[in-house]
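The values are calculated or read from the model by the stated rules, or taken from the named source; none is laboratory data. Only a predicted model underlies this, so the values are computations on that prediction, with no experimental measurement involved. Counting neighbours? That spans all protein chains shown, and the Cβs are built from the backbone with ideal geometry, glycine included.
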Amino acid sequence: MKSPTRDKLLEVKNLQVSFLGIKTVTALSGISFSIGERETLALVGETGCGKSVAAHAIMRLLPPESGVKGTVELRGRNLLGLSEKEMTEIRGKEIGIIFQNPSLALNPVYSIGHQLAEPLRLHRKEKKKKALSRAAEALKNMGFANTGEIINYYPSWCSGGMNQRFLIAASTILDPALLIADEPGKGLDRSCLSELEAGLKRLKEEKKTALLLISHDLGFVRNLADRVAVMYAGEIVEIADSSGIFEEPLHPYTKGLLNSLPEKGFIPIPGFSPPLSRLPSGCRFHPRCPLRKRCCIENQPEIIETNGRAVRCFLYP
Ligand SMILES: Nc1ncnc2c1ncn2[C@@H]1O[C@H](COP(=O)(O)OP(=O)(O)OP(=O)(O)O)[C@@H](O)[C@H]1O
Ligand code: SF4
Ligand SMILES: [Mg+2]
């Protein structure tokens, strides 16, 4: 489903990812979505549904044993058809990414200022002083006041929340049009999470950066996303604007996810996601769905568009 109101920045069409091994596992079964310029799209869903695989497939960072089909177009250019050299140019400059495990992304032996300034010196040939002053500005945008001091800090001196904001500053220092943030708030306490949220909002407002936000935290998603795509077992089951998802969810799985919000009483969805190597027949959600009918067990629902949103369920239209 395309972004309804904005020029298209990223369009993912029928993206399929399989991992080839003793038993082939299909992690993504043909997902499609788009992100408009300056838009924030959130990808949500339970663990193992394929969110990180989607992010890595877009960036062409999957391991060699993976098979990828479909298209990933950035402003009309299919990234899956580019050479590795061309793709290296895209990473950082046009699409930034922060990974689910941030502790591996910052180098412990270099100062924060050095790590932020390095891409500017390398790609834009900026002089050290100018690059460091840009690094300080990027830190200010992430909500740090004493930037002259902080550029001399090392990652090990700082909290997880500070490091996460350093990473966002580093991933966006070259002003990419899109930032992919995979669980940026994971492990952070409430106050760090609010600072992170404010930093991401400033990035959207001041730098006009589009965001693919992957998160388990639905409160965080509700505060930041323009639209939300809900994934279940390697498929997208619903896409709608944020108010549609949070105020009028259609898919029984989306409704179940929202019941886990504190204001709904933390009610978990009974049962577990199926292993991708042993998917159920028919609708993948049917073993857990309180509204399943006979046809749900026998037939697979297609994703259909209805009133500007998309849903994969026999209850609609
Ligand atoms: N390199 C790999 N080889 C085989 N299977 C893999 C590989 N990487 C991911 N998978 C499988 O693909 C599925 C989707 O994984 P993914 O990491 O995208 O889940 P996720 O939605 O990001 O979950 P989480 O919320 O826990 O981060 C999982 O079943 C995972 O085991
Ligand atoms: S298709 Fe059937 S089982 Fe699947 S979510 Fe809809 S009602 Fe539930
Ligand atoms: Mg993940």
Q. Do we have residue 91 as at pLDDT below 95, charged (D, E, K, R) and within 19 Å of the chain's Cα centre (by Cα) here?
A. yes
**Q.** Where a residue in segment 260-289 is within 22 Å of residue 18 (Cβ to Cβ) and of a type in the set (S, T, N, Q) and its partner, wherever it lies, is assigned to a loop (DSSP other than H, G, I, E, B) and within 16 Å of ligand 2 (Cβ to nearest atom), with Cβ under 8 Å and at least six apart
**A.** 273/46; 273/49; 273/233
Q. For segment 32-59, what are the residues that are away from ligand 1 (no atom under 11 Å from the Cβ) and buried (at least 17 other Cβ atoms within 10 Å of the Cβ)?
A. 32, 33, 34, 35, 36, 38, 39, 40, 41, 42, 58, 59
Q.
Just checking, does segment 5-18 include any residue being surrounded by 14 or more Cβ atoms within 10 Å (Cβ to Cβ), at pLDDT 95 or above and within 11 Å of ligand 1 (Cβ to nearest atom)?
A. yes
Q | Where a residue in segment 291-317 is over 12 Å from residue 238 (Cβ atoms) and its partner, wherever it lies, is away from ligand 2 (no atom under 12 Å from the Cβ) and of a type in the set (Val, Ile, Thr), with Cβ under 7 Å and at least six apart | A | 317/306
Q: Take the residues in segment 94-122 that are more than 20 Å from residue 149 (Cβ to Cβ) and touching a Leu at 6+ places or on another chain (Cβ under 6 Å), then tell me which one is surrounded by the most Cβ atoms within 10 Å (Cβ to Cβ).
A: 96
Q: Considering (1) at pLDDT 95 or above; (2) within 22 Å of residue 216 (Cβ to Cβ); (3) within 16 Å of ligand 1 (Cβ to nearest atom), say which one residue 25 fails and leave the rest.
A: (1)
